[in-house]
Amino acid sequence: MKLISFLFFATVSCFGSTLYFKNGKSLDAEILDANETHVRIARSEDLQQFRFKIESLTIDSQKQIELYHSEDRYSSIPTVKTPLDSRTLNNYSSYIDQLIEQNLRSKRLQKTKPLDDYTYVRRLYLTTIGRIPTQKELLSFIGDRDSEKKDKLIQKLLNSSGYVNHQMNWWSDMLRVKDRINGTNINVGSVYRKWLRESIESKKPYDQIVRELVGSSGRLLDGGEAISYYLRDRGMQEDNLSHTVRIFLGTRLECAMCHNHPFDKWTQKQFYEMTAFTSGIGNVRLRDQGKAIGELSRAINRDGDENAGLFNNWRNQVRDSIQSGIENNGTGTIKLPRDFAEDDGNPGDTVLAKAIFTPKPTETTQGSSRTVFAEWMTSKDNPRFTTMIANRAWKRIFGAGLIEPIDTMMDDTIANNQKLMKYLERLLVSVDYDLREYERILLNTKLFQRASKKEDYKSLEEYNFEGPIMRRMTGEQLWDSLVTLVYNDIDSSDRVYLYNQQDYSAIYNRYKDMTGEEIYADFKKLAEENPGNRNLLGMLSEYESNNKKFKDRSLVRSSYLPYPAPGGHLIRQFGGSDKEQIDNSNSEPNTTQVLNLLNGFVETNILNKKDADFMKLMQEEKSKTNQIENVFLSILSRKPKSNETNVLKDFVDEKDGFKHVSWILLNTHEFIFIK
């Protein structure tokens, strides 16, 4: 090898690859291959080959190599044993803090002050399990003298049912999980939700969840539950592809659906080459079951029974139960649309599946393109997959991403702390995409234990993490926190109500092997034996009767309520997603929020509900001072200051005085915001 200094004088172009070095020099060359640390090139001037460290290049040149030439990015990183031991955990978390503080020093910025234990535990509960702590949970932590109590509580919460409930909301906003979708007559979303919940409960790694969703096939109610991912966008293959790339790779291709991308390099043809990976999903219906449904329809029409309208409704439920599925693993081909107008193809041309980033899939895509796509997308060497989820999870913990917006990455996108971003990516790979363990590392940082940033900042893109960003509770966090005051055991199995998540397997199992004539005969028999009963699912299962005696069925975790929450529900009023767009929740203030807290849920379901756990606790306490302290501990997760106690004592003397104090605290910004 010649000295690297010889490289800095060539200026002939090949494939348009001009490399820029940190010392101000540039070089035109063909990039032959690269990995995470080194690149091998052929100098355009004389094709002489050189190999050197990527770090000698500018960040922009490093990004181009990473996206389009790197073949061995992170796959060689060894997996560490989890859960991490204390020493390893501390090393990882401490280094994150070092990188944050280095950045702050370079910009002459001051980090915020450390949190007190009361504020810390409230933030931790809201961040990990999506609700405020009960007074008992709060005081248990405060009274604990164990030096390792913070990490022990973090692990306890990350492995709790509350974490699963909170993660369900996070995933469902991201994946737009809805109970009912257009063109279906059953609650197909219940299958999606059940599969997703079980995946989180069983601690599937993030990459495995994504791989199973994107590479799914089979019958919806018979082992193919993951096809719910494609059923959500039934009949909209191109939209589904753009959602997939945006959610899991942080790149927006939707503009290239109709024309070459105006702001990025992607062409319309490249968009359809990517879409070809998912070809074969069709309308997410199995053709072999269509014959029975067609025969059933003809039997209903031919017989002219007075219950024909009811039977048609039942037919639709049976159709969606037995016919929903995908019967192939992907064709790997697609035809360009009729309105294709770019110069690199013609309407109706067949294009083959082709990836947009390196490393390119080497497997044959025809006949298994979705499987190949899923493996390629979730590869440790895919340059966007790990970046996207490492950054998304970071934002969930601290309020802003190192890359903002998190899902609009372009070729020239650079994190505002690139060294930290790369370190987080390596961490996530080393824990094998275990989001719990990755979040455990982040939650153990000094950054998480510092006061939130209160002053204005220029933009999320330029946020430097002097402390986490102060945020308002999400609609789901607010709902779950309020319900916690009613039922302290909100996360126990006793407070699980599944009325909104029907299991249609009873219909599937009864009719999957019947002919259309046999199904029709069964319909007539059921109608005769159950006059006036129109509920097919209820007749075939024990489901509904098992839930009739459940008390306060609406006062359960938000993850068990309908997806999306109904319009006008407190969750929606406080910005809960309608599940139509990716991450469609918001924190915008409005008048209905104020009215709901002033006159709605709080008064009806907490203050005037004698058997609410919070109210029983207040009524048991006779001392004014202790009543005020209990109210503060239960609602704001802290003790009152002496001046607050003095002011509020007069309120407590009045009739239902502690109710007035509670009402005041529940309507404060301190309750609604995560400090």
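For trypsin sites (Lys or Arg not before Pro), the sites in the stretch 92-167 that DSSP calls loop and that have at most 13 other Cβ atoms within 10 Å are K107, R108, R145. Across the stretch 469-489, no residue has a backbone nitrogen under 13 Å from the label position 7 Å along the beta-carbon direction of E201. With R₀ fixed at 51 Å, the C-beta to C-beta distance from M470 to R298 puts the FRET efficiency at about 0.20. In whole angstrom, the stretch 540-669 maps to an equivalent ellipsoid with semi-axes of 33, 21, 12, each derived as √(5λ) from the alpha carbon gyration tensor and ordered largest first. Taking all protein chains as they are arranged and a probe of 1.4 Å, the heavy atoms of T668 leave approximately 40 Å² accessible to solvent.
Computed over protein heavy atoms with a 1.4 Å probe, the accessible surface of the chain works out to 44 Å² per residue. Considering only C-alpha atoms, what is the centroid distance from the stretch 632-657 to the stretch 411-426, in Å? Value for the Cα centre distance between the two parts: 47 Å. Quote the Stokes-Einstein diffusion coefficient, in whole µm² s⁻¹, for the stretch 258-305, based on the Kirkwood radius over alpha carbon pairs, a temperature of 10 °C and a viscosity of 1.306 mPa s. It comes out at roughly 109 µm²/s. Between D60 and R145, the contour length at 0.36 nm per residue exceeds the Cα-Cα span by 25.7 nm.
Distance from the C-alpha centroid of the stretch 25-85 to that of the stretch 446-496: 39 Å, rounded to the whole angstrom. Coupling constants for the stretch 92-104 follow from the phi torsions by the Karplus curve (6.51 cos²θ - 1.76 cosθ + 1.60, θ = phi - 60°), and in residue order they are 5, 5, 5, 5, 4, 4, 4, 5, 5, 5, 4, 5, 5 Hz; glycine and proline get x.
With all pairs of different C-alpha atoms in the average, the Kirkwood value for the hydrodynamic radius of the stretch 198-294 is 14.9 Å.
Its Kirkwood hydrodynamic radius, worked out from the mean inverse distance over all distinct Cα pairs, puts the stretch 54-179 at 18.7 Å. Note on the stretch 298-391: with charges restricted to the Cβ of Lys and Arg (+1) and Asp and Glu (-1), its dipole about the Cα centre is near 200 debye. Given +1 at the Cβ of Lys and Arg, -1 at the Cβ of Asp and Glu and no other charges, the dipole of the stretch 404-458 around its Cα centre is 460 debye to the nearest 20. Note on M539 and E327: with the Förster distance fixed at 35 Å, the Cβ-Cβ geometry gives a FRET efficiency of about 0.75. Restricting the stretch 56-97 to trypsin sites (Lys or Arg not before Pro) that sit in a DSSP loop and have at most 11 other Cβ atoms within 10 Å of their own Cβ leaves K81. A straight line joining the Cα centroids of the stretch 103-139 and the stretch 363-407 runs 29 Å. Among all the lysines, which ones have a C-alpha under 17 Å from K111's C-alpha, if same-chain residues fewer than 8 places away are not counted? In chain and number order, the partners are K446, K453, K454, K458, K675. Summed over qualifying helices (DSSP H, 4 residues or more, each -39500 (n - 2.57)) and divided by its residue number, the chain shows a 222 nm mean residue ellipticity of -13000 deg cm²/dmol. The GluC sites (Glu not before Pro) of the stretch 403-468 meeting both criteria, a DSSP state outside H, G, I, E and B (loop) and at most 13 other C-beta atoms within 10 angstrom of the site's C-beta, are E455. Note that the stretch 408-472 shows a convex hull volume over its alpha carbon atoms of 129 Å³ per residue.
Semi-axis lengths, largest first, of the ellipsoid equivalent to the chain are 45, 41, 19 Å, with √(5λ) applied to each eigenvalue of the Cα gyration tensor. Label sites at T591 and L109, each approximated as a point 7 angstrom past Cα along Cα to Cβ, lie 3.8 nm apart.
Charge dipole (Cα centre; +1 on Lys/Arg Cβ, -1 on Asp/Glu Cβ; no other charges) of the chain amounts to roughly 1640 debye. Kindly identify the stretch 44-112 as rounded, prolate or oblate by the Cα gyration tensor criterion: order the square roots of the eigenvalues as a ≥ b ≥ c, call it rounded if a/c is under 1.5, otherwise compare a/b with b/c, prolate if a/b is larger, else oblate. Oblate, because a/c is 1.5 or more while a/b does not exceed b/c. Dipole orientation for the chain: of the candidates N667, Y120, A400, Y120 has the Cα lying most toward the positive pole (charges on Cβ; Lys, Arg +1; Asp, Glu -1). Do the alpha carbons of any pairs in K156/K624; K512/K579; K25/K53; K622/K659; K152/K178; K156/K380 sit beyond 24 Å of each other, and which pairs? In this structure, K156/K624; K512/K579; K152/K178; K156/K380 lie more than 24 Å apart at Cα.
If you take the charge dipole of the chain about its Cα centre, with +1 on Lys and Arg Cβ and -1 on Asp and Glu Cβ, which of M388, N626, T58 is farthest toward its positive end? Final value for the positive-end residue is N626. For the stretch 260-360, the Stokes-Einstein estimate of translational diffusion at 10 °C and a viscosity of 1.306 mPa s comes to 94 µm²/s, using the Kirkwood hydrodynamic radius over alpha-carbon pairs.
The values are calculated or read from the model by the stated rules, or taken from the named source; none is laboratory data. Quick caveat: nothing in here was measured; it's all calculated off a predicted structure. In this analysis, Cβ positions are derived from the backbone assuming ideal geometry, glycine residues included, and neighbour counts consider all displayed protein chains. Remember, those area values only see protein heavy atoms, side chains included, never the ligands or the DNA or RNA. Shrake-Rupley method; radii C 1.70, N 1.55, O 1.52, S 1.80 Å.
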